[in-house]
Amino acid sequence: MDTLLRTDPTPTDPTLDDQSPIDTGPARRSTTAAAVLRATLDHGPVARSTVAQLTGLSAGAVSRQLADLRASGLVRERPALGARRSIGRPHVPVDIDTRRHVVAGIHIAVGHATFALMDLRGRVLAEHRAPFPTSDAAAALDGIADDMSAFLATQARRPLALGVATGGWVDPGSGVVVRHTPLSWSDVPVGQVLARRLGLRVLVEGHARALARAEQLIGAQRQRARRSMVQLFVGNVVDAAFATCGDVHAGPGASAGDVSHLPVGGDAACACGRTGCFEAEVSSRVLAERAVADGRLAAPHVPDALAALERGEPWALRLFRSRSRAVGRAVALLLDVINPEVLVVTDSATARRPELLADLHEEVARRSHVCADPAGTVVAGSFGTGALAVAAGSVVLSDLFARPLDLPART
């Protein structure tokens, strides 16, 4: 699950040369099937000959892979476009089949969960949000399982699998949330519990890595993201994901991506005993608490602060502009260390007010030693206010597109 299909293969890649006698077993077939499926996702409806050119596979290899993918309900033939101008077999384009299979997702945030159903192109077909108690992990998962069961009961299609995304330290190999500080969760077997309750295959991932894979798979900057990227998530928790050559880095124990203690300045006290730590300065709950202290909100309710931002209330604009500048200071540090082709910021505030990125870009321009084009390098996430649902569903989609021939074993 930790490895997404690498950047688009080329005809010079020996592992994809249909005439090569080397590695003709299941692993190679899985790799070529993934390449064909990805090319269809990127360019469909697309002619088989074009898929062959994009992947470097022979026409015969492409036809064989498409036959298998079609039998599994992953691709389908589409009506040919335009009139036929030559004699011979018509060129029937192929596309991702969005009619048969769907995937489900749950994003677990602080105090609420987002439930989603997505098609194989990553489009959210249905979405629901419900609160849950955070004081006890077992009680929270019971409530989440009940709500997800009720949500799925209203849908016409049963999902292939369920993806779960959340913040903090997540081990996708075991399906365990190792540590989620705002929820006070430690070593919670989320995957095991939900699989038992819902009767589905469950994949669990940190939401920054899940969003990185979503950007690589279906995002607006997917070609750049497949080469090198940093995905930064800013919400009640703050974390990041790093990717190069299509691989999203998890590190030993899947603990990579904790940027919560990057020094960004300020006087907010952090649980680590210091001040000026990234998450302590910019988390959504901290901003809501500041709004209460300033007499702007009656209670530290983040949706109320975001609603005020959407209405353009001056105090909310000032509050979130200040956050964008603090995020910009952290972004400058990440750019100087990683130097990615693109850095994607997923933030509920910039999703509502894209102009807040200007403050972030200004801070990057002032502080980064390597980034010559902040506006071109640092971009908003592709999925707007629907990012949480997409993150969860993409945990399954990224696995499916990396290993499509495993579909019969999944269902």
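The numbers here are math on the coordinates, done by the rules we state, and not lab data. All figures in this text were calculated on a predicted structure; none of them were measured in a lab. Cβ coordinates were reconstructed from backbone atoms using ideal geometry, including for glycine residues, and neighbour counts include every protein chain displayed.
General remarks:
- Which of 76, 70 has the fewest Cβ neighbours within 10 Å, and the rest in rising order: 70, 76
- Taking a ≥ b ≥ c as the square roots of the eigenvalues of the Cα gyration tensor, region 220-381 is classed as prolate, since a/c reaches at least 1.5 and a/b is larger than b/c.
- Put the Cα centre of region 268-343 next to the Cα centre of region 102-116 and the gap is 23 Å.
- Loop-resident sites, region 264-353, for trypsin sites (Lys or Arg not before Pro), counting at most 15 other Cβ within 10 Å (DSSP): 274
- Between helix 357-367 and the chain there is an angle of about 80 degrees, using the helix long axis and the longest principal axis of the Cα atoms.
- Spin-label model, residue 112/residue 337: points 7 Å from Cα along the beta carbon direction are separated by 3.2 nm.
- The H on the amide N of residue 268, modeled in the peptide plane, is under 5 Å from the matching H of 276, each at least 5 residues off or on a different chain.
- When Rg and the Kirkwood Rh are both derived from Cα coordinates, the Rg/Rh ratio for region 143-275 amounts to 1.01.
- When region 293-411 is reduced to its Cα atoms, the Kirkwood hydrodynamic radius in Å: 16.4 Å
- Computed over Cα pairs, the Kirkwood radius of region 24-64 leads via Stokes-Einstein (0.692 mPa s, 37 °C) to a diffusion coefficient of 326 µm² per second.
- The angle between the Cα long axis of helix 284-293 and the longest principal axis of the Cα atoms of the chain comes to about 20 degrees, rounded to the nearest 10.
- Additional length obtainable on full extension of the chain from residue 196 to residue 271, 0.36 nm per residue less Cα span: 23.5 nm
- Over all pairs of different C-alpha atoms, the chain has a mean inverse distance whose reciprocal, the Kirkwood radius, equals 22.4 Å.
- Seen against the Cα atoms of the chain and their longest principal axis, helix 302-311 is set at about 80 degrees.
- Structure remark: mean-square fluctuation, Gaussian network model of the chain, C-alpha springs under 10 Å; the largest value among 42, 267, 347 belongs to 267.
- Inter-part distance where region 189-242 and region 151-188 are each reduced to a Cα centre, Å: 11 Å
- Dipole of the chain, positive direction: furthest Cα of 120, 320, 151, with charges on the beta-carbon: 120
- For region 69-184, the alpha-carbon coordinates run over 70, 29, 21 Å along the three principal axes, in decreasing order.
- Taking the number of Cβ atoms within 10 Å of each Cβ as an exposure proxy, the fewest-first ranking of 278, 115 is 115, 278.
- Think of each Lys and Arg Cβ as +1 and each Asp and Glu Cβ as -1; about the Cα centre, that makes the dipole of the chain roughly 1300 debye.
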